[in-house]
Amino acid sequence: MKILYVEDNELLGEGMKLNLEDLGHEVVVVTKVSHAIEELSAWKFDKIICDGTLDPKNRGDGVRLADQLRKEGRDVVVFTSDTRNIPDGLKAVNKNSGAKPAEQIRLLLE
């Protein structure tokens, strides 16, 4: 599976990339919404994993990106460690959301 992982924390992004690659997936990690949009216009991804609070100053920009991508029919999973910065918490995203532990991401991909 080809996965786009959108995560502003570079260390967490690279660690998750290694975990997902160990599971046999091809993973591209980006740290900004603008970079995600560039990758999405250049490549086809089977799944997008997005941090819900990419930039806490922008209050839920990852959720907004996920909502936009879902409207386009893309398969998006949203994870966050802090729902306080997301408008209406995780209610803004639907059932494909959760906290950031790697185990939950692994289970969603299987």
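Read the figures in this text as sums done on the coordinates, not as results from a lab. None of the values given here were measured: they were computed from a predicted structure. A quick note on method: Cβ atoms are made from the backbone with ideal geometry, for glycine too, and the neighbour counts reach across all protein chains shown.
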* What nm distance separates the two modelled labels at Asp75 and Asn9, each placed 7 Å from Cα along Cα→Cβ? -> 2.6 nm
* Take peptides 38-46, 7-15 and line them up by average Cβ neighbours within 10 Å, highest first, as a rough protection proxy. => 7-15, 38-46
* Asked: What is the extension gain from Leu18 to Lys2, computed as 0.36 nm multiplied by their sequence separation minus the C-alpha to C-alpha distance, in nm to one decimal?
  -> 4.4 nm
* Structure fact -> Amide H neighbours of Val27 at under 5 Å, excluding residues fewer than 5 places away on the same chain, with H built from the backbone geometry, are Ile3
